[in-house]
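Engineer: One structure follows; several queries about it will come next.
The values are calculated or read from the model by the stated rules, or taken from the named source; none is laboratory data. Everything numeric here is computed off the predicted structure, so don't read it as measured data. Virtual Cβ from ideal backbone geometry, glycine too; neighbours counted across all protein chains shown.
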Amino acid sequence: MITAVLPTYNRAHLAFTHGAGSWLTAEDGRRYLDLGAGIAVNALGHAHPALVQVITEQAAKLWHVSNIYRIPEQERLAAMLVDLTFADTVFFTNSGTEACELAVKMTRKYWTEKGDPRTQIITFAGSFHGRSTAAIAASGAEKMVKGFGPLMPGFTHLDWADHDAVRAAITDKTAAVLIEPIQGEGGIRVVPDPCLKGLRDLCDATGALLIFDEVQCGMGRSGKLFAHEWSGITPDIMMVAKGIGGGFPLGAVLATENAALGMTVGTHGSTYGGNPLGCAVGAKVTEIIADDAFLAEVSRKGARFRQGLESLVARHPKVFAEVRGQGLILGLKCVATNTDVVKAGYAAGVLTVAAADNVIRLLPALNIPDEDIDTALQKLDAAATAVGHG
Ligand SMILES: *Cc1c(COP(=O)(O)O)cnc(C)c1O
């Protein structure tokens, strides 16, 4: 008999009643150190006092109004993002998937308006852009698309970060190139800065729009507000979600004025997107994370965590192969089966998240205290020892 909840997830037998900072408490009272953070969502940990305050105050005032009215909280967050990034304009969504949908629509509309109806979007193996029909066609991982055809046409998949393949595939008929500067689901794979620069050059030469999916790697996780900032180049369109809401469902598409030229009145919309509650929370999250001192701390904590992970790899060569990532978007490529390591983590009281390419992801709260990093390393050591003996 089918379960009351549609059975699309292979869930761990863990249920949590509350959280504080980097820690979650399960129904049986056991505490877990959370290195998943709701898959990079709880960017400031659980129940951050400033976020609890802002959501409580806003909830007492106004939750929702339609986008047929001005929404000052939305205007304020949009102005902050425009001020902090390459973007001239922002549309708010409720998820990363919806951001992907708009990025694709914006691209198609751009070329229609230009009188040059290009539709081909180049994407990469191992990428993840969401679960809508457009997003799975963009992602193209076999297990996500099987049985859901006919797929939305217009996507060309290339090998990951293969510059020669892009050079061969991109033409003056290419509408856009869509890439995660750091692949999340694909196994914490960082696109080298010269590759991002090379992509920008190829897009400039052909007129193709460059779209970054920073849904997982953005909002401070890499040690910059957005991961592409390390490369010094900027996209035309960027998808954001996950961390920006700190746990409240919120996403955004950021764009240059030029890329957004087709998006006029009536061309797109959302009932919930940009609601006062979500935008009030998003503004507080953004205000905290965009601070230079906060971002420097993310880099420092990331380096500290990474150093400990390197010694774990050295101590457990039969379990771990290498450390990947940047800042606090880290991965351990496993020799053992990654899901066995995740399960051993549960037994040791630490939550990690499996990714493709036999990787476990470590995506802690960006404000994780140093002592929790040290505890995490001890628990991961215990998990690796258990897997090594098992
Ligand atoms: C999670 C994710 C998405 C999809 O976001 P949802 O909020 O789950 O719809 C898209 N792109 C990347 C890189 C992601 O990590």
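Engineer: Which of the residues that make up region 329-357 are within 22 Å of Trp160 (Cβ to Cβ) and touching a helix residue (DSSP H, G or I) at 6+ places or on another chain (Cβ under 8 Å)?
Structural biologist: Result: Ile329, Leu330, Leu332, Cys334, Val353, Ala354, Ala355.
Engineer: Where in region 9-108 are there helices (runs of 4 or more DSSP H), lying wholly inside it, with at least 3 residues that are more than 27 Å from His268 (Cβ to Cβ)?
Structural biologist: Details: elements: 37-40, 49-61, 72-84.
Hits in region 9-108: 49-61.
Engineer: Could you list, in sequence order, all residues of region 296-322 that are of a type outside the set (Phe, Trp, Tyr) and either buried (at least 20 other Cβ atoms within 10 Å of the Cβ) or touching a Lys or Arg at 6+ places or on another chain (Cβ under 6 Å) (or both)?
Structural biologist: Val298, Lys301, Gly302, Leu309, His316, Val319, Ala321, Glu322
Engineer: Taking the conditions exactly as written (more than 16 Å from the ligand (Cβ to nearest atom), modelled with pLDDT of 95 or more and surrounded by fewer than 18 Cβ atoms within 10 Å (Cβ to Cβ)), does Gly269 satisfy them or not?
Structural biologist: Taking the combined requirement at face value, the residue satisfies it.
Engineer: Quick one: is Gln326 surrounded by fewer than 24 Cβ atoms within 10 Å (Cβ to Cβ) and closer than 30 Å to Glu142 by Cα?
Structural biologist: yes
Engineer: Related question: State the number of residues belonging to region 182-239 that are over 30 Å from Asp116 (Cβ atoms) and without any contact (Cβ under 8 Å) to a residue 24 or more places away in the chain.
Structural biologist: Looking only at that region, the number is 1.
Engineer: Kindly indicate which of Ala252, Ala260, Ala241 is within 12 Å of the ligand (Cβ to nearest atom) and within 11 Å of Val90 (Cα to Cα).
Structural biologist: Just a single option satisfies the conditions, and that option is Ala252.
Engineer: To continue, here is another question. If you take the residues in region 5-30 that are assigned by TED's automatic domain parsing to the domain that holds Leu328 and of a type in the set (D, E, K, R), which one is farthest from the chain's Cα centre (by Cα)?
Structural biologist: Within region 5-30, the match that is farthest from the chain's Cα centre (by Cα) is Asp28.
Engineer: Provide a single number: the residues in region 78-131 that are polar (S, T, N, Q) and more than 15 Å from the ligand (Cβ to nearest atom).
Structural biologist: Adding up the residues that qualify gives 6.
Engineer: Only residues that are touching a His at 6+ places or on another chain (Cβ under 8 Å) and either free of Cβ contacts under 8 Å to residues at least 24 places away in the same chain or within 16 Å of the ligand (Cβ to nearest atom) (or both): list them for region 24-46, please. Before the answer, list the steps.
Structural biologist: At the first step, the residues of region 24-46 found to be touching a His at 6+ places or on another chain (Cβ under 8 Å) are 24-25, 34, 46.
Answer for region 24-46, where residues must be touching a His at 6+ places or on another chain (Cβ under 8 Å) and either free of Cβ contacts under 8 Å to residues at least 24 places away in the same chain or within 16 Å of the ligand (Cβ to nearest atom) (or both): just Thr25.
Engineer: Moving on to the next point. Residue pairs, Cβ under 8 Å, 6 or more apart or interchain, first in region 243-264 and touching a residue at least 40 places away in the same chain (Cβ under 8 Å) and under 15 Å from Glu98 (Cα atoms), second among the acidic types (Asp, Glu) and outside any loop (DSSP other than H, G, I, E, B). List them.
Structural biologist: Once the first residue is touching a residue at least 40 places away in the same chain (Cβ under 8 Å) and under 15 Å from Glu98 (Cα atoms) and sits in region 243-264, its partners that are among the acidic types (Asp, Glu) and outside any loop (DSSP other than H, G, I, E, B) give Gly251/Glu98.
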